[in-house]
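Values in this text are rule-based calculations from the coordinates and carry no lab data. The model shown is predicted, which means the values in this text are computed figures rather than measured ones. As a convention, Cβ positions derive from the backbone with ideal geometry for all residues, glycine included, and neighbour counts pool all protein chains shown.
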């Protein structure tokens, strides 16, 4: 009798909360055609609310009543999108603690989705092994879509006038999220290889034949088309970001600000952008996405740097103070992103780093000369 009372109480609580939860879901779905609009939408209850725990509890119940490991993982990745929406909102409010709470809940969802992989059985028949392959690829598709959402979040926040504390915190939080999704991506690749090995053992087909089977599954499941769309959007977005940065650089140079170091990075970004375009044309969408990622970061970070310099100039700061912004912002924000250029050799990376150091040093020396000249004329 006691158990029935507990169940009844739970059902009443869920019914009372369901109207609110469904209304919140509607806010997201009205703009579902645009990922930017999704992440920019109001997230409903946020981590700074006393009702946040109730929202999370409702979500967990939804996962519990999803009776399929593949679908559970996809559900958890969909819920992770809500955490991105909450993070954006909290970053805009400057509530770093609440933003980090959303990030931690996001990572927990990714970990749960990753754990589902181990529960997918390949079995000993060709049919069931192929079914396992379909499930793994279905989860991989959902993960790729979510990794793109993280990129969209970065695009949105790069345009916001966040506090230094909020921007530093969001960059750190995004890095942690990217690391977590990257681990899951590696686990998916390992699981795919395991399924391929099982299929080779069962069917006695060659590695080439098994790879062809997987490619067929990827095409029929919509995974390949999803990668194509993501690559296309990221290339378009990066092109726009680079053009905005170039425009900002031109404006600042017209005001006498030396941005040669930033221009060097734009040139590097444009080279990698062209490489990503070539990979896209060859149908290598996954490689194109990987290549465009550091380029997107260049565009976002250079945009932040130039905006900071513009604010400094508008506030009437003198050349030496603007030079300090160049030295810290460009060196710390942009140069760090060189590490992400996985497609370059160590020698090429070192060459670029050396070139940037030289450019920054040239700027500092030039600003020093200008300051001395200005003092002598007074």
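Some notes on this structure:
- Sites residue 50 and residue 111 - FRET efficiency at Förster radius 30 Å, r taken between beta-carbons, to 0.05: 0.70
- Cβ crowding within 10 Å, taken as a proxy for footprinting-reagent exposure, orders 214, 65, 51 from fewest neighbours to most as 65, 51, 214.
- With R₀ set to 56 Å, the beta-carbon distance separating residue 255 from residue 121 gives a calculated FRET efficiency near 0.30.
- Mean projected area in nm² (Cα convex hull; one quarter of hull surface) for region 185-234: 4.0 nm²
- Between residue 271 and residue 225, residue separation times 0.36 nm minus the direct Cα-Cα distance comes to 14.0 nm.
- Here residue 193 and residue 66 are evaluated by their C-beta separation; at R0 = 30 Å the FRET efficiency comes out at 0.65.
- Least to most buried among 143, 56 (fewest other Cβ within 10 Å first): 56, 143
- Cα centroid separation, region 157-175 to region 243-270 (Å): 22 Å
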